[in-house]
Every structure is written in C-alpha cells, then in structure tokens.
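The values are calculated or read from the model by the stated rules, or taken from the named source; none is laboratory data. Keep in mind that this is a model prediction, so the values were computed, not measured. Don't worry about glycine lacking a Cβ; one is built from the backbone with ideal geometry, like all the others, and counts go over all protein chains shown.
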C-alpha cells in the first residue's frame, strides 16, 4: 500500500501543473472569445472538455490519496475537510460551467460562462494550494511534494 500511496502522491502533485495550465488557457481563450466577440468553435468546446477531464482525473488521484494518506488517517483537519472540500467544489464549478456553456445559445454567453465558472474554480484551487503551503512549511506552491 505504501508504494501505491507514493505513486498517487507524485501523480497528484505533478498533475496539478497540467490542471492549472489547462484552466488558465481555457480562461484566457474564453475571455478572448467573450471580449473579442469571437465565435464559439468546436476547438473551444473540445479544449473545455479536456480541461474538465484533467480536473476530474486530478480529483480521482486526490480521492485515492484521501483513503490512503497517513495525514488523513491521522485526523489532520485540513486534509480531512478543507482541502478535499475545496477541490471537489472547484471540480463542481468546472463541471457546471462546462454544462451551462453547452446550453447557452450565443457564443458570447458560452465564452462568458466558461470564463466565470473556470475562473472561480481556479481561484478556489489556488486558495487551497496557498492554504496548504501555509499550514505545512515543508511544501511549496510550485515544488513537487
């Protein structure tokens, strides 16, 4: 079990960079489309779906860690409550944003919905990572822990 825990921990730590990059790119693309009055293309839709998938994979890594981590089993509140709660909330924001953008009629509304929901999710994720760094000085925002 210890080996699986370390593999999941490394995957979860490394995958966060891909999630952050995908979210930032999706937000920039949505803002450019919204403010530039650009059409919502199939490429936009696919990129948003890939971003959603990356976030969901990260949640799966995190849930695996939740059940294997000695930090959670030791009862450390941040890991048992705040971190997982904030991350699941961020994943819900991404999921709802993607679903709502599909239902929107015009391109501006689709872009605005993605920018809003993905942007809020990014804020929640970054806040959770900052909180983690403050609670555990052995971890860094950009360092693989």
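Tell me which helices (runs of 4 or more DSSP H) are completely within the stretch 28-145 and hold 1 or more residues being modelled with pLDDT of 95 or more, farther than 24 Å from residue 17 by Cβ and in contact with a helix residue (DSSP H, G or I) (Cβ under 9 Å, 6 or more places away or on another chain), or say none if there are none.
In the stretch 28-145, the matching helices (runs of 4 or more DSSP H) lie at 83-103, 107-135.
Name the one entry in 97, 75, 14 that is crowded, with 21+ Cβ neighbours inside 10 Å and out of contact with any strand residue (DSSP E or B) (no Cβ under 6 Å at 6 or more places or on another chain).
97 is the lone residue from the list that is crowded, with 21+ Cβ neighbours inside 10 Å and out of contact with any strand residue (DSSP E or B) (no Cβ under 6 Å at 6 or more places or on another chain).
Here are the criteria: (1) within 24 Å of residue 27 (Cβ to Cβ); (2) crowded, with 17+ Cβ neighbours inside 10 Å; (3) touching a residue at least 24 places away in the same chain (Cβ under 8 Å). Tell me which single one residue 50 does not satisfy.
Failing condition for residue 50: (2).
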